[in-house]
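In what follows, a single structure is set out as structure tokens and then discussed.
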Amino acid sequence: MSRSITSGTAWLLSTLTTVLVLTTAACPAQAPGHSPSKVDGWLSWRGPDQNGSSTETGLPTSLAIGGDTKSWRYELRGRGTPVIANGRVYTLGYRGTGKDLDELLVCLDEQSGKLVWEKRFPHFLTDIIYHRFALGSPTIDAASGNIFCMTSAGVLCCFSDAGDLLWEHATISEFGRLVFPNGRTGSVALTDELAILHMTSSGWGPQGPARDRFFAFDKLTGECVWVSTPGGPPKDISFSMPVLSWQNGRQVAYAGLAGGHMACVDARTGEALWRFPMCTGGMSSSAVLYKDTLIAIHGKENLDTSTAGRMIAIKLGAEPKPGEPQLVLGKDHEVWRNDLTAFTSSPILVGNRVYTTIATGELACVDADTGKVLWEHKLAPDQIHASPAYGDGRLWVPMNNGEFFIVKPSDEGMKVLEKAQLDGNCLGAPAICHGRVYVHTTEALYCFAGTGTDTPSSARAMVAMETGAPTALQIIPADTLVHLKEQVPYRVRSKDKYGATVANLATKDITWTGKLPKGVTISNGMLNVAADAQPGVAVLKATANGLTGTARLRIVPTVPFSDNFEDVTLTPHATEAGVMSASPRPYWIGANKKWEVRELDGHRVLARTLDEPLFQRTISMIGDPRQSNYTMTVDVRSDGNRRTMSAGGMINQRYLIILKGNHQALEVTSNEELIKESVPFRWKAGTWYRLKSRIDSNPDGSGVVRAKAWQRDLPEPDAWTIEVDVPNVNRNGSPGLYGFTPQSRFRVYLDNITVTPND
């Protein structure tokens, strides 16, 4: 559930009304509408028309900083794209090294580049390497001016333009977001009501298997409105930002998936409409809309050849009939293809021309009607991430090596008008607003000022949307986390076949059903969780006027709690004859099929599974991400031998505390390259050890992570085995469990989990 300012929430939820005039930039030919705007500007990394193009004039002709220019440079390392509105510039970046490294969202004055405010995000539970922080970009809501961003550690945040935190979600703990070494997070796409996030996750129940998913949240409250799973298992990772448009009377979102597909989902309900198989790996580039086609590019191996990379135009308009499953589109929906290759660099659209930088360092021009490559021009040795932008008749092209070009394109070729060597590498895309061009490098944010004062605008037109007869119900929140002694208000609205809201229903007209855990009840739309309620999961069903809708909830324990698994009923193992086992607690995140309860030495214990070699490491969250100031213990035992042992441990307040078998060490870490400290600890396979940890925070924001380990049948030592000073400590986080089985050969076992308040 969202962490939000709760004052007046009940009033807000009861008075939310249907908005029939919708906002989102899209292909001009499809003429979406927009609601009254509080702000205009370059509001997302792809700009007002989601294609990297601007209608502005008076852009700079020089790439010089200082002197008589109004250009400026702000010292902040970053890898994304800034966004601009109301005289403010917002961008993600990072400062420091090692333990001192923090990710930041900064707000700067547009004219001077001076800092207005900043927000720091401590790193945790990530595998990010080479300091690949701040790869995503913020998004500004045109209606409210609020800023949405996704941190590298997976915290989805909504801030006011004054820098006040309005709500947040810890997506690792709440939805099972998977973490990866490359730090890719992407950007949030905004509709009139929703913030839509694309990520790879492994949650609970039907959402337990690792899949690429879309999550939609109410922009005002942070409540989860829907979750969509439009593709199969991931082969890599994708951070392709959803592109919003209209199709057959419904609002839709298009994005590349980690399984090598382009996908289309209903933006108001999450219904998976179609997917188009393209390649064998993840697709991270964002697509562009042109007439009735979607133009996408990738750099992985193609499905129908042994070659890698392709740009393709997909014919739009297909969708399943009511009640039918998601369509899988084939060759008959391919309009054209060419052999251009790009990994995360995204194309831009200018009229009927597509411009893109490709993997080998060329800038290419493509006819959007035919797919014909009109020309390619070498600009750098290679290009992986950075994308170009267009404005004032020119292309603004950052390259991975830090070179920044102003290019004049034509159908016959291109002419370099200006070139600058910026400090650092470029991985994002330029932003254009009020006569200024911005580009972020791994060393600084640059602003190049011209003479223009235009505000970026798109070809959007006001269109009043009509609604049809209701066909289904939508429950909000659709997926929520609840702890003991908590209440959750639900609201229900009817939707037509196009996903539009028909009416908000009164609670008296709704019948609620569903098997709820002991101590959990729902009355008049209010879920009540008693202090002694049983943790678990449930699916709620709302019925009204012959229509139904469902919502998922997860009830987790609060501090103090313990678990020794002795109450678990074992059944014959699915694949191992003679073995009895059971699934882990259903309310745990990221645990199913990675852990199982087994009998060991006459006791039920938690065992790491060995049947999925691709997932040797497991992070499972077992509580509420709001919890803080707790002490945690867990018993650990490893199989193996003198040369190879598995590793196991816990997660306390977003820090890993691990007994590492192969290293014979006790380790505290938040990130392999940032906080990673260990002390020698001799332990052997087949013997139980006890781990204990606590985190203490100081008024200045610093803190200490403390841990100790000892053989379980021996007295607890008085002293901590390891103490790690942290400059910016995480003040809260879900308790969790950790297991690592090298090559999936030897199990690690956990038992006797306790979580208690700090003394």
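Structure data summary
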| item | result |
| --- | --- |
| Which listed pairs, of Lys291/Lys419; Lys300/Lys495; Lys235/Lys419; Lys219/Lys508, have C-alpha distances above 29 Å, in listed order | Lys291/Lys419; Lys300/Lys495; Lys235/Lys419 |
| At R0 = 56 Å, FRET efficiency that the Cβ-Cβ distance of Leu115 and Glu716 yields, to 0.05 | 0.70 |
| Residue-span extension gain [His603 to Leu374] - 0.36 nm each, minus C-alpha spacing | 75.4 nm |
| Glu723-Asn629 FRET efficiency (beta carbon distance; Förster radius 22 Å; 0.05 resolution) | 0.85 |
| Prolate/oblate/rounded call for segment 67-163, Cα gyration tensor, a/c under 1.5 rounded | oblate |
| Packing-based exposure ordering (other Cβ within 10 Å, fewest first) of Asp479, Asp332, Asp611 | Asp332, Asp611, Asp479 |
| Distant-in-sequence amide H partners of Ile237 (H built 1.01 Å from N, under 5 Å) | Gly282 |
| Average Cα contact separation per residue, segment 468-556, under 8 Å, 6 or more apart, as relative contact order % | 36 percent |
| Which of Pro277, Leu327, Thr305, positive extreme of dipole for segment 196-330 (C-beta unit charges) | Thr305 |
| Rough spin-label spacing in nm, given labels placed 7 Å along Cα→Cβ, for Ala574 and Ser702 | 4.9 nm |
| Built amide H within the under 5 Å cut-off of Leu76, gap 5+ | Ala444, Leu445 |
| Inter-probe distance in nm under a simple model that places probes 7 Å from Cα toward Cβ, at Ala318 and Ala531 | 5.8 nm |
| From the coordinates shown, volume of the Cα convex hull per residue in Å³ corresponds to which of (i) 163; (ii) 182; (iii) 201 | (i) |
| Around Lys515: net Lys/Arg minus Asp/Glu count, Cβ-Cβ under 13 Å | +3 |
| Three-way shape label, segment 12-449, alpha-carbon gyration tensor, a/c 1.5 | rounded |
| Trypsin sites (Lys or Arg not before Pro) within segment 621-724: DSSP coil, no more than 12 neighbouring Cβ in 10 Å | Arg642, Arg643, Arg682 |
| Length added when fully stretched, Asn641-Ala582, from 0.36 nm per residue minus Cα-Cα | 18.6 nm |
| Pairwise centroid distance, computed over Cα atoms, of segment 476-522 with segment 353-432, Å | 49 Å |
| Relative exposure of Ile297, Ile406, Ile348, judged by other C-beta atoms within 10 Å (fewest first) | Ile406, Ile348, Ile297 |
| Per-residue Cβ neighbour rank within 10 angstrom, fewest leading, Met278, Met283 | Met278, Met283 |
| Rounded to whole Hz, the Karplus (6.51, -1.76, 1.60) HN-Hα couplings of segment 632-642, x for glycine and proline | 10, 10, 7, 8, 10, 9, 10, 7, x, 8, 4 |
| Backbone HN-Hα couplings from phi across segment 433-442 [Karplus 6.51/-1.76/1.60, Hz, Gly and Pro as x] | 6, 6, x, 10, 10, 10, 8, 9, 10, 6 |
| Loop sites in segment 558-618: GluC sites (Glu not before Pro), DSSP, at most 12 other Cβ within 10 Å | Glu566, Glu576 |
| Spin-label proximity, Lys515 to segment 532-546 - amide N less than 18 Å from point 7 Å beyond Cα toward beta carbon | 534-542 |
| Estimated vicinal HN-Hα couplings, Hz - segment 269-277 in sequence order (Karplus 6.51, -1.76, 1.60; Gly, Pro = x) | 10, x, 4, 6, 8, 7, 9, 10, x |
| Computed over the chain: relative contact order in percent, which uses C-alpha pairs under 8 Å that are six or more apart | 12 percent |
| Sparse-neighbourhood loop sites, GluC sites (Glu not before Pro) in segment 415-523 - DSSP loop, at most 12 other Cβ within 10 angstrom | Glu466 |
| Asp332-Asp100 pseudo-label distance in nm [points 7 Å out on the Cα-to-Cβ vector] | 6.4 nm |
| Charged-residue dipole, Cβ positions (Lys, Arg, Asp, Glu), the chain about Cα centre, Debye nearest 20 | 1020 debye |
| FRET efficiency, Glu566 to Asp382 (Cβ-Cβ, R0 56 Å, nearest 0.05) | 0.45 |
| Relative contact order for segment 512-617, counting Cα pairs under 8 Å that sit 6 or more residues apart, in percent | 17 percent |
| For Ala665, distant residues with modelled amide H under 5 Å away | Lys660, Phe681 |
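Quick note: the coordinates plus some simple rules give every number you see, no bench work behind them. Only a predicted model underlies this, so the values are computations on that prediction, with no experimental measurement involved. In this analysis, Cβ positions are derived from the backbone assuming ideal geometry, glycine residues included, and neighbour counts consider all displayed protein chains.
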